[in-house]
Protein chains: 4
Amino acid sequence: MNFRSDNEVGAHPRIIEAVSRAFASGAAPSYGADDWTHRVEHRLRDLFEKPDLAAFPVLTGTASNGLALACCAPPWGAIYCHPTAHIAAEETNAPEFFTSGARLFRVDGPAGKIDPKKLAEALAQPVYGVVHFPQPAAVSITQATECGTVYAPEEIAAIATSTHRHGLKLHMDGARFANALSFIGCSPAELSWKAGVDVLSFGATKNGAMAAEAVVFFDADLAREFEFRRKRGGHLLSKMRLLSAQLDAYLADSLWLSNAHHANTMARRLVAGLTALKGTQLLYPVDANEIFVVMPAHMHDELQAAGAQYHPWPSDRPGERAFRLVTAFDTNPKDIDRFLSIAKAA
Amino acid sequence: MNFRSDNEVGAHPRIIEAVSRAFASGAAPSYGADDWTHRVEHRLRDLFEKPDLAAFPVLTGTASNGLALACCAPPWGAIYCHPTAHIAAEETNAPEFFTSGARLFRVDGPAGKIDPKKLAEALAQPVYGVVHFPQPAAVSITQATECGTVYAPEEIAAIATSTHRHGLKLHMDGARFANALSFIGCSPAELSWKAGVDVLSFGATKNGAMAAEAVVFFDADLAREFEFRRKRGGHLLSKMRLLSAQLDAYLADSLWLSNAHHANTMARRLVAGLTALKGTQLLYPVDANEIFVVMPAHMHDELQAAGAQYHPWPSDRPGERAFRLVTAFDTNPKDIDRFLSIAKAA
Amino acid sequence: MNFRSDNEVGAHPRIIEAVSRAFASGAAPSYGADDWTHRVEHRLRDLFEKPDLAAFPVLTGTASNGLALACCAPPWGAIYCHPTAHIAAEETNAPEFFTSGARLFRVDGPAGKIDPKKLAEALAQPVYGVVHFPQPAAVSITQATECGTVYAPEEIAAIATSTHRHGLKLHMDGARFANALSFIGCSPAELSWKAGVDVLSFGATKNGAMAAEAVVFFDADLAREFEFRRKRGGHLLSKMRLLSAQLDAYLADSLWLSNAHHANTMARRLVAGLTALKGTQLLYPVDANEIFVVMPAHMHDELQAAGAQYHPWPSDRPGERAFRLVTAFDTNPKDIDRFLSIAKAA
Amino acid sequence: MNFRSDNEVGAHPRIIEAVSRAFASGAAPSYGADDWTHRVEHRLRDLFEKPDLAAFPVLTGTASNGLALACCAPPWGAIYCHPTAHIAAEETNAPEFFTSGARLFRVDGPAGKIDPKKLAEALAQPVYGVVHFPQPAAVSITQATECGTVYAPEEIAAIATSTHRHGLKLHMDGARFANALSFIGCSPAELSWKAGVDVLSFGATKNGAMAAEAVVFFDADLAREFEFRRKRGGHLLSKMRLLSAQLDAYLADSLWLSNAHHANTMARRLVAGLTALKGTQLLYPVDANEIFVVMPAHMHDELQAAGAQYHPWPSDRPGERAFRLVTAFDTNPKDIDRFLSIAKAA
């Protein structure tokens, strides 16, 4: 009953198998000139219906976000994001490092989503070209959000409109893009560039890979500095197949979507059971695979005693105890049912 | 007959197997709090006979070098290295990126090794504490060198003496540390901290791993900023086992040494055959697994026609054509013999 | 009737005279080894009753703040300041530039002052040593604040207490330190290091100098990197007397205090007259030389028509129009009186 | 008899007077929107016969060079300069700071000048677009050089040709541009943009100003980031007139040229006398106002005893003692004559 995080689990057997085969196959061109890497880019072009996109494998979400943003914002730039965004809350000044000093500005909104009106107001400030102020350069949204909610295409478009009106670029931190897509049910294109996203951190690590992300530039021109930035950041592998073979298997036969579908389904099963119990309350709608829930103390105690694992979470109301539970590609439905039966008994 | 580079080959079956097992084993603590990572540090402590060393898995040699040097040199620091050093010749300002602006100074010497007298002279300049000059902070040596030669412990000690006399730190880029050790035949401790090395980029990628290095601080106090630097560089994996499982298997049962022994033996077999042929000439002694050799044009043409792969290399003498051949953990002796028989026939 | 800003005015005759004399006096040791620079440091030691402080002339407030903060915060550091602080609101990512990437966190409070309770809460977050979060490193307060208010020594001490409890350094942006001191009436020591300030940007430009500030480290050990940082920032003058002669005259015979006293007195005269008029309202108490005031539209129109100059200022209440008026060392009381008579007539 | 440096002397009376008047004249628009600053730009446009150039006052040569180069080179860029260049020899990693990590490459040549053939060779390396290597971005030449020699327009053009062929920008560190121009006798345009210079650090400090330089972009498009870079570097003054009034007077009535003419004339007078003496030898031709000369020990001792001041200088030949003597805008011919009579007597 481990619901701690989707970044603590193992990897999907098909991804493990792909990496094993890739490394058992002898020599291959180095630094990304190999077949796996080419194939990943082609798969992403097909998937996103964008034959001219440029895509690059990267090790971590932090590097993916940092490198993507550095292609959008100069050192004197301003990057707008939600206060809960991973880049703002948990990446230890990595955006500043990769951009050589750009600054994050927080734009709030309910349930982890930027309020488009607040964003429009923030971007309407008279700072453009004025040397005393950071220059608005990029907006970054997280999909699914850090509250487990999902932006609908039209919500993204509303943000993209003011982003582009002022000449900024729209970045999407898609660490859980698969879970978002599985929830929303549209096409990958509709959830990204067709809604106005310029560059996407396309996550795989949390959804069944070992450690792999892809930075996807829908406007290839925006990528022209990327490879130099990746190299000087120590993120260009000689044996790039380590990342590419993962992504190749991840994208093949819709593995990425079935993984996300499973995780989301497990979350919904857990939510359905939990919310039926007295004293529980959701902090946010559960769109993807993260559940933020208030539980009574005795219920929590019983679950802990039975070995259930999950994180406490800050709650706004005094005395109330909230928790985060995360499902993953490999969550066992029996664990869900056992969890619920303990909770129910409590 | 691929002698292009030891970074183009696959990975050793035991390393592949270790990664597969690690990811098939379900959940594990994230961000390096897992068993594999702990075990790697303990193996390195045993191996280097240094119970208080601090070691950290990293993805690439460029990141390993950059992060290690950033712990040694401030932004206004000077780092001394050989002109052929990877940090100087092939890492695209990564040292400047990780150090926030330190500067490399080149100290020449024969066959890829820093001349200790030239280093002593460079470090004796009256720049210490003078605000107009970069402040000497670190010396970086490469083991084995980019010319395929190996520093003996006493050669390292000679460099370490002037390094430490002036308060600088000694970094070793050990991308091919295993090959060097296999050649020299002393203990890992004797080839590193006992000779004065403060921090080592301990390579595995070129010697049978997929992509993994360890930054090894023999003085743990020097590592106190490392984890923050690694995180903000996007080099902290949530599923750290991807790197640690590789290193764990690499170090187990002396796999790392037997891999290097094989590569070196193959190099020696190739050298023995080549130097017996008329018109060939070595540019440098072949201590490790890299061979820099002048070959007559017709010999090169025949080898190419037969499908042999290796890189051309700059030669100082006009009209002369030099080449680099690299052996690896998986070099097939039959390829060597076939190569030599073609060369001999030519 | 120019009340636009204290950074638009000229310089005090004694400062002009001092610079003229300094440059007419022939050769002098370069890069700060001159008599003027030594004298400035000694004057500051006397003034602050701190014989071991270290002080360095700098060109601008932005450089002064950036260099001071870079001595307090590593690239992965967090710096806490009020949302209105100059470093947060008007210095275009200069703190990020000088610190190589530290991040500002805003702690609100009324009238431009950090609320010490909110600061204590912010600093009590469990982020210390946790690699995912920026590490709290410094608190920066502005004296006088950007709202024209002044921190009393005990208010500073309350902030210093939580700052130091967690091992952070306390920086004071004293662009208008003189105006604050003139208001509060204590000793310079009581308003700085005795209240817990570790490093002070001691402003002179806004108070009668041409362009000169001093970075004053009350803990000289904190200054050990300063000179290298200043040099590589292009802020070390060969003819340092340009800044030092200004500061020397500024500190001589209490010129700095009489200048500030005049500016504050003029502000109080203006406030007394304005607040007596119907329809005016102060946004903040006027402690120093900045007045933030709501005026009726017709009053504003008449003043503008008569040639009065001052800036509009954002107001929270819709329909209300607020303005900022700033007095300076050279404000003519007749201008005040004329301004008030026009306002009264309106 | 102070021949230590042209950066130790005072300032020309007309420049002192201009600064005094500027600051006695009351309020003026801040941050460079003042008349002095506009006038300086117009004077430079006339002087360089380039109505569309963009020029910006800056405090120091180090800032001027760093900011100019940052507009030419990305963080992964390579900047080529002579080993003696100020940016390479004495600015403590300031170029790396301002460029966020670009790297200097040294191209040697006799008497402080880049050898155009060596430069052409360096720029012909096959590194363009290859991610493993710093990308050639700018060439920086020093005029007059740090050896006191002057590039003729055709020498600059030879360097500019290979610079531009490869798409790099040509920067000129003109800390002693006036001395160079006075020697060469052509027009400012011929010595700069007509010969291929893209951006010039136009020095004034060493030639009679207090502390002022101008960054002159002959291609205004290259300047589009300049003002943001200057601001975040803390180099934008609120009372910009401090720098602009100096430059205004410096350029008025050819003061800058008459100052340089005097300094050069004094250098020539000194050289004529010195080279007539037995045992002296020039290290380089004396084109501008710096003299590098070997003197016999007893001559040096007598001069020192008589109070002459100048710096020792490294000499290549063992046993030989070399010295640097610098003349300035205010060098007294009587000091020259006295120096020579002592030297002659020795």
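Quickly run through segment D:258-317 and pick out the residues that are hydroxyl-bearing (Ser, Thr, Tyr) and under 21 Å from the mean Cα position of the chain (by Cα).
Answer for segment D:258-317, where residues must be hydroxyl-bearing (Ser, Thr, Tyr) and under 21 Å from the mean Cα position of the chain (by Cα): D:Ser258, D:Thr265, D:Tyr284, D:Tyr310.
Condition first: in contact with a His (Cβ under 8 Å, 6 or more places away or on another chain), closer than 28 Å to B:Ser182 by Cα and of a type in the set (Lys, Arg). Now tell me which residues in segment B:314-346 satisfy that.
Passing the criteria: only B:Arg324.
Please verify whether B:Asp219 is in contact with an Asp or Glu (Cβ under 6 Å, 6 or more places away or on another chain) and either within 14 Å of chain A (Cβ to nearest Cβ) or touching a residue at least 12 places away in the same chain (Cβ under 8 Å) (or both), treating the condition exactly as stated.
yes
Taking segment D:270-313 only, how many residues are more than 23 Å from D:Phe183 (Cα to Cα) and charged (D, E, K, R)?
Looking only at that region, the number is 3.
I'd like to verify a number: residues in segment D:260-294 that are under 15 Å from D:Ala144 (Cα atoms) and either small (Gly, Ala, Ser) or open to solvent by less than 50 Å² (accessible area, probe 1.4 Å) (or both), how many?
The number of residues fulfilling the criteria is 11.
Considering only residues of segment D:2-17 that are open to solvent by 30 Å² or more (accessible area, probe 1.4 Å) and assigned to a loop (DSSP other than H, G, I, E, B), which is farthest from C:Ala27 (Cα to Cα)?
Filtering segment D:2-17 for residues that are open to solvent by 30 Å² or more (accessible area, probe 1.4 Å) and assigned to a loop (DSSP other than H, G, I, E, B), the one farthest from C:Ala27 (Cα to Cα) comes out as D:His12.
The conditions are (1) of a type outside the set (Gly, Ala, Ser); (2) under 21 Å from A:Lys231 (Cα atoms); (3) away from chain B (no Cβ under 13 Å); (4) open to solvent by less than 10 Å² (accessible area, probe 1.4 Å), and D:Val150 fails exactly one of them. Which is it?
(2)
Sort out for me the helices (runs of 4 or more DSSP H) sitting completely within segment B:53-165 that have 1 or more residues that are modelled with pLDDT under 95.
Output list is empty.
Go through B:Pro136, B:Pro95 for me and flag whichever is over 14 Å from the mean Cα position of the chain (by Cα), within 14 Å of another protein chain (Cβ to nearest Cβ) and buried (at least 24 other Cβ atoms within 10 Å of the Cβ).
None of the others qualify; the one that does is B:Pro95.
(1) over 23 Å from D:Leu119 (Cα atoms); (2) touching a residue at least 12 places away in the same chain (Cβ under 8 Å); (3) open to solvent by less than 10 Å² (accessible area, probe 1.4 Å): which one isn't true of D:Asp248, the others all being true?
Condition not satisfied by D:Asp248: (3).
Exactly one condition in (1) buried (at least 23 other Cβ atoms within 10 Å of the Cβ); (2) part of a helix (DSSP H, G or I); (3) of a type in the set (Ser, Thr, Tyr) is not met by D:Ser20; state its number.
Against the list (1) buried (at least 23 other Cβ atoms within 10 Å of the Cβ); (2) part of a helix (DSSP H, G or I); (3) of a type in the set (Ser, Thr, Tyr), D:Ser20 comes up short only on (1).
Can you tell me how many residues within segment C:34-63 are free of Cβ contacts under 8 Å to residues at least 60 places away in the same chain and closer than 19 Å to C:Arg229 by Cβ?
2
Of everything in segment B:304-319 that's aliphatic (A, V, I, L, M) and touching a residue at least 60 places away in the same chain (Cβ under 8 Å), which residue is most open to solvent (accessible area, probe 1.4 Å)?
Ranking the qualifying residues of segment B:304-319, first place goes to B:Ala306.
Could you count how many residues in segment A:63-86 are in contact with a Ser or Thr (Cβ under 7 Å, 6 or more places away or on another chain), crowded, with 24+ Cβ neighbours inside 10 Å and within 12 Å of chain B (Cβ to nearest Cβ)?
Result for segment A:63-86: 5.
In segment D:45-62, which residue that is closer than 28 Å to D:Ser100 by Cβ and touching a Phe, Trp or Tyr at 6+ places or on another chain (Cβ under 8 Å) is nearest to the other protein chains (Cβ to nearest Cβ)?
Top of the filtered list is D:Phe56.
Which one of the conditions (1) touching an Asp or Glu at 6+ places or on another chain (Cβ under 8 Å); (2) of a type in the set (A, V, I, L, M, F, W, C); (3) over 23 Å from C:Leu104 (Cβ atoms) does C:Ala195 fail to meet, given that it meets all the rest?
(3)
Results for (1) farther than 18 Å from D:Val216 by Cα; (2) without any contact (Cβ under 8 Å) to a residue 24 or more places away in the chain, shown as yes or no for each residue.
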{"position": "D:Pro134", "(1), (2)": "yes, no"}
{"position": "D:Ala138", "(1), (2)": "no, no"}
{"position": "D:Tyr151", "(1), (2)": "yes, no"}
{"position": "D:Ala160", "(1), (2)": "no, no"}
{"position": "D:Thr163", "(1), (2)": "yes, no"}
{"position": "D:Lys169", "(1), (2)": "no, no"}
{"position": "D:Ala175", "(1), (2)": "no, no"}
{"position": "D:Gly185", "(1), (2)": "yes, yes"}
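Mind checking whether some residue in segment D:30-39 is within 21 Å of C:Val58 (Cβ to Cβ), surrounded by 24 or more Cβ atoms within 10 Å (Cβ to Cβ), facing another protein chain (nearest Cβ under 10 Å) and among the polar types (S, T, N, Q)?
For segment D:30-39, residues within 21 Å of C:Val58 (Cβ to Cβ), surrounded by 24 or more Cβ atoms within 10 Å (Cβ to Cβ), facing another protein chain (nearest Cβ under 10 Å) and among the polar types (S, T, N, Q): absent.
Provide a single number: the residues in segment A:83-107 that are more than 21 Å from C:Ala137 (Cβ to Cβ) and in contact with a strand residue (DSSP E or B) (Cβ under 7 Å, 6 or more places away or on another chain).
3
Looking only at segment B:1-55, how many residues end up being among the charged types (D, E, K, R) and within 27 Å of A:Phe3 (Cβ to Cβ)?
Residues meeting the conditions: 4.
Could you figure out which of (1) within 20 Å of C:Phe97 (Cβ to Cβ); (2) more than 14 Å from chain C (Cβ to nearest Cβ) isn't true of D:Ala111?
For D:Ala111, the failing item is (1).
Looking at segment A:248-259 only, could you name the residues that are touching a Gly at 6+ places or on another chain (Cβ under 8 Å) and more than 18 Å from A:Val150 (Cβ to Cβ)?
Passing the criteria: A:Tyr250, A:Leu255.
The values are calculated or read from the model by the stated rules, or taken from the named source; none is laboratory data. Remember, predicted model here, so these are calculated numbers, not experimental data. Methodologically, a virtual Cβ is constructed for each residue, glycine included, from the backbone with ideal geometry; neighbour enumeration extends over all protein chains shown. Note: areas computed on protein heavy atoms with side chains; ligands, DNA, RNA excluded. Shrake-Rupley method; radii C 1.70, N 1.55, O 1.52, S 1.80 Å.
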